[in-house]
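Heads up: the structure comes next, in structure tokens.
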Amino acid sequence: MARRRRGPPRWLGLVLVLALVLAWSLAGESLRRWWGLPGEGAAPGKSAGRLRVATWNLRNFPDEGHDLTRLAARLPELAADVIAVQEIHDAARLKQAMPGWELVLSATGGRNDQRLGFLYDPAVFELIGAPREHEQLTMGGQVRPGLSGYLRARGGGPDFHVLVVHLKARDEGYALRRSQWELLAEIVEEIARDDDDVMVLGDFNATGPAQGRPDEELMALDARLGAAGLQRVVNGSGCSAYWDGGRRDAWHVPSLLDLVWVRGFLAAEVEKVHAEPLLHCARHACRPFRSTPTYPERDYADLSDHCPVIVDFERAPDDDP
């Protein structure tokens, strides 16, 4: 009788499965970083009955070699209803990335023409009245203005002022930023006369004073804006952007620059909400990472050193007087 040929041992299949899992955990991580696949730093689902606001400094858009195809995918993936933006040079190309949305931008942007403003979904929000550009924050034309608009959610509210800012950068700008805080508090008090519900968001550049620490600046900022009735939405992750670090090598280190402040009904539920950074901030859990021309962190290299930051909050009745 011919002997039956024995098949491969059963354990070989298990070994192959384990090898594939290990390969994916190693090489797959590189692939996911390369492509920035959904689920790797992507926005979480938005609950029914909630609204989402985001802020994103787009790093001199589009002059820094932005991947416009990637941006056109990333912006809708935020699942936001309003997106504050900073460092915009080309409004038309930004609108192309969000067809059907409305874009409100400042007319000026300081010495480097870094304009700011917000995108909003007209199916969800309507803009009431004309937006206002707050030139006093330019400090005589040196830096960016503020821009505010009054938004009302369709279908019964809420309605609130959104105020987008981009304050002076770097530790040597600390003294000027403190002057901007005073003006910002005055602006908030002024626009709150119409409606006490105010959201202030954008790039605060809270890098700390010279020879000081960022948390020192945050404490001082909390105190000054707190006196204007604003409360900061906590970012428990601890970062919203990356920079080259002191060594200026391939390692990039996290910082917390992009902040969200609320007043009025929004502040009443500030303990229930949080600011959440996405993309490379989330993928690397606000830890340092390496990005090189050969092995880049794509969202960092092709979009912005900043990450989009989102805040979800409950719908509330329209309290417009």
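The values are calculated or read from the model by the stated rules, or taken from the named source; none is laboratory data. Because the structure is a prediction, the values reported are computed rather than measured. Positions of Cβ are generated from backbone atoms using ideal geometry, with glycine treated the same way; all protein chains shown enter the neighbour counts. Calculation scope for accessible area: heavy atoms of the full protein, side chains included, ligands and nucleic acids excluded. Shrake-Rupley method; radii C 1.70, N 1.55, O 1.52, S 1.80 Å.
When both residues are 6+ apart or on different chains and their Cβ atoms are under 8 Å apart, which pairs have a first residue that lies in region 239-261 and is farther than 19 Å from Asp203 by Cα, and a second that is open to solvent by 10 Å² or more (accessible area, probe 1.4 Å) and of a type in the set (Ser, Thr, Tyr)? Pairs found: Ala250/Ser291; Ala250/Thr292.
With the requirement that a residue be more than 27 Å from Glu190 (Cα to Cα) and under 19 Å from the mean Cα position of the chain (by Cα), what does region 210-234 give you?
Going residue by residue through region 210-234, those that are more than 27 Å from Glu190 (Cα to Cα) are 210-216.
The answer is Pro214, and nothing else.
Out of all the residues in region 79-92, is one or more modelled with pLDDT of 95 or more, open to solvent by 50 Å² or more (accessible area, probe 1.4 Å) and in a helix (DSSP H, G or I)? Scanning region 79-92, I find at least one residue that is modelled with pLDDT of 95 or more, open to solvent by 50 Å² or more (accessible area, probe 1.4 Å) and in a helix (DSSP H, G or I), so the answer is yes. Could you tell me which numbered condition Gln136 fails, if it satisfies all but one of (1) outside any loop (DSSP other than H, G, I, E, B); (2) farther than 30 Å from Gly49 by Cβ; (3) free of Cβ contacts under 8 Å to residues at least 24 places away in the same chain? So the condition that Gln136 fails would be (3). Taken over region 252-299, the criterion of being assigned to a strand (DSSP E or B) and open to solvent by 20 Å² or more (accessible area, probe 1.4 Å) is satisfied by Val253, Pro254, Ser255, Arg263, Glu276, Arg290. Looking at Asp244, Asp318, Asp312, just one residue is open to solvent by 10 Å² or more (accessible area, probe 1.4 Å), modelled with pLDDT of 95 or more and touching a strand residue (DSSP E or B) at 6+ places or on another chain (Cβ under 7 Å), and that residue is Asp312. Contact annotation: residue pairs with Cβ atoms under 7 Å, 6 or more positions apart or on different chains, pairing a residue in region 28-57 that is farther than 19 Å from Asp159 by Cα with a partner that is part of a helix (DSSP H, G or I) and at pLDDT below 50, are Glu40/Arg32.
Here is a yes/no grid of residues against (1) open to solvent by less than 60 Å² (accessible area, probe 1.4 Å); (2) in a helix (DSSP H, G or I); (3) among the hydroxyl-bearing types (Ser, Thr, Tyr):
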residue: Glu190; (1), (2), (3): no, yes, no
residue: Asp194; (1), (2), (3): no, no, no
residue: Gly202; (1), (2), (3): yes, no, no
residue: Gly212; (1), (2), (3): yes, no, no
residue: Glu216; (1), (2), (3): no, yes, no
residue: Met219; (1), (2), (3): no, yes, no
residue: Arg224; (1), (2), (3): no, yes, no
residue: Gly238; (1), (2), (3): yes, no, no
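Collect the residues in region 150-168 that are in a loop (DSSP other than H, G, I, E, B) and open to solvent by less than 30 Å² (accessible area, probe 1.4 Å), keeping them in residue-number order. Scanning region 150-168 gives Gly157, Pro158, Leu167.
Residue-by-condition table, conditions (1) loosely packed, with under 15 Cβ neighbours inside 10 Å; (2) at negative phi:
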site: Trp56; (1), (2): no, yes
site: Gly65; (1), (2): yes, no
site: Leu94; (1), (2): no, yes
site: Pro99; (1), (2): yes, yes
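Can you find a residue that is open to solvent by 30 Å² or more (accessible area, probe 1.4 Å), within 24 Å of Leu266 (Cβ to Cβ), out of contact with any Gly (no Cβ under 9 Å at 6 or more places or on another chain) and at pLDDT 95 or above anywhere in region 127-149? No, there is no match, as no residue in region 127-149 is open to solvent by 30 Å² or more (accessible area, probe 1.4 Å), within 24 Å of Leu266 (Cβ to Cβ), out of contact with any Gly (no Cβ under 9 Å at 6 or more places or on another chain) and at pLDDT 95 or above. Do we have Phe118 as buried (at least 20 other Cβ atoms within 10 Å of the Cβ), of a type in the set (A, V, I, L, M, F, W, C), in contact (Cβ under 8 Å) with a residue 12 or more places away in the chain and farther than 28 Å from Pro214 by Cβ here? No, not satisfied.
Considering the conditions (1) among the polar types (S, T, N, Q); (2) open to solvent by 70 Å² or more (accessible area, probe 1.4 Å); (3) at pLDDT below 90, Thr69 is excluded by exactly one of them, (3).
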